[in-house]
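The values are calculated or read from the model by the stated rules, or taken from the named source; none is laboratory data. What you see is a predicted model, and the numbers here were worked out from it, not measured in a lab. All Cβ positions, glycine included, derive from the backbone under ideal geometry; neighbour counts span all protein chains shown.
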Amino acid sequence: FAGTALAVLGHPIKHSISPPMHNAALAQMAQSDARFASWKYFRFDIAPDDLPVALEKFSHHNFKGLNLTVPHKVLAFDLVNTSGTDAHEIGAVNTLTLESNSWFGENTDGYGLEAGILENFRTTIADRDIILLGAGGAARGAAVMCVHRHCRSLWIANRTAKNRDALQEHLLGASWHLKVPVFGFDPSAPPKELPLGALVINATSAGLKPNDPLPIDLSTLPRPRAVYDMIYNPPETPLLAQARALGIPAANGLSMLVHQGARALEIWSEAAVPVDAMRSAVHSAMKS
Ligand code: NDP
């Protein structure tokens with residue numbers, strides 16, 4: 001390929017809808033700026049052990065930027081230079097940019113989540129109580145974003161106490177911690193102090209498979225303002241189905257995918273990115 005290449009690396013990767021999403025944006029950008037006619041976004045299946053060599057190889061070809069998905073986001077953090085406070089505080093990168101033959105890593109997931117929530121519920125994170133489900137990599141990114149955006153309080157619910165304690169300690173011990181109160185609880189026994197009107201964010205993987213349990217029973221919580229599920233495939237998890245049945249506004253993670261991708265493309269292209277074209281492309285890809 002002779003043009004400017006972009007790609008997503010993951011393992012597995014064959015179900016990724018990032019290529020049609022980015023290529024739809026690039027096609028539209030090429031109409032007003034001929035530079036982008038030679039840009040193309042690919043996907044590569046790279047096993048975790050092969051990531052260091054792959055990053056080295058991509059840097060010697062005409063790659064301008066890379067996205068990283070499962071399982072590379074934390075692994076890559078130690079392999080690249082980092083810029084942007086989110087990447088440091090999360091300890092994970094999802095967007096790499098080649099500068100002077102070296103990869104610089106950033107994390108656009110928090111940006112994507114915040115923009116997805118704003119788009120769906122017309123609410124910002126600031127001054128809102130957040131109930132965060134999960135304590136893995138995605139939850140860490142969501143937690144850092146919520147604290148940065150000055151949420152009013154953060155309640156972390158995760159089935160494994162050790163993991164939720166580790167996330168709570170990471171947040172409370174951080175030098176950048178902004179005095180947001182952070183609590184942890186067992187999702188099967190929600191504490192009675194939970195606030196009314198909280199925003200529930202599902203960052204667990206419960207709901208990816210058909211017979212997965214609910215990460216939390218929404219009927220055991222004071223009525224939330226809205227439920228955002230970071231999962232987008234399937235489009236309606238049991239948690240979202242329960243939210244709809246209870247009349248609680250609910251949305252899946254497709255908007256997060258679109259906005260984290262749009263931010264990455266903005267970083268690489270230093271141009272305005274057509275978010276609507278990316279949104280239409282992912283909706284079509286989900287239907288096919
Ligand atoms: P991790 O493997 O790091 O963490 C998984 C989390 O899910 C842990 O908190 C784990 O709890 C919890 N969990 C797993 N199975 C169950 C279950 N059966 N019941 C209750 N809790 C469970 O995964 P990630 O953090 O990387 O990803 C989590 C989700 O976020 C994925 O579904 C992914 O698709 C989604 N995501 C979406 C993005 C988007 O753009 N929309 C971007 C990034 C992620 P425990 O500690 O108890 O094991």
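Values as computed for the structure displayed
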read-out	value
Any chance residue 94 is within 16 Å of the chain's Cα centre (by Cα) and touching a residue at least 24 places away in the same chain (Cβ under 8 Å)	yes
Helices (runs of 4 or more DSSP H) contained in the stretch 43-93 and holding at least 1 residues among the small types (Gly, Ala, Ser) and closer than 17 Å to residue 260 by Cα	85-90
So residue 140, is it away from the ligand (no atom under 13 Å from the Cβ) and within 16 Å of the chain's Cα centre (by Cα)	no
Unique match (being of a type outside the set (S, T, N, Q), over 18 Å from residue 111 (Cβ atoms) and loosely packed, with under 14 Cβ neighbours inside 10 Å) among 245, 206	245
Looking only at the stretch 196-233, and only at residues there that are more than 13 Å from residue 128 (Cα to Cα) and of a type in the set (D, E, K, R), the one that is farthest from the ligand (Cβ to nearest atom)	223
Verdict on residue 164 being among the charged types (D, E, K, R), in contact with a strand residue (DSSP E or B) (Cβ under 9 Å, 6 or more places away or on another chain) and not assigned by TED's automatic domain parsing to the domain that holds residue 132	no
Those strands (runs of 3 or more DSSP E) lying entirely in the stretch 181-288 with at least 3 residues within 20 Å of the chain's Cα centre (by Cα)	199-202, 226-229
Number of the exception - residue 127 against (1) outside the structural domain of residue 63 (by TED's automatic domain parsing); (2) surrounded by fewer than 24 Cβ atoms within 10 Å (Cβ to Cβ); (3) within 16 Å of the ligand (Cβ to nearest atom); (4) of a type outside the set (Phe, Trp, Tyr)	(3)
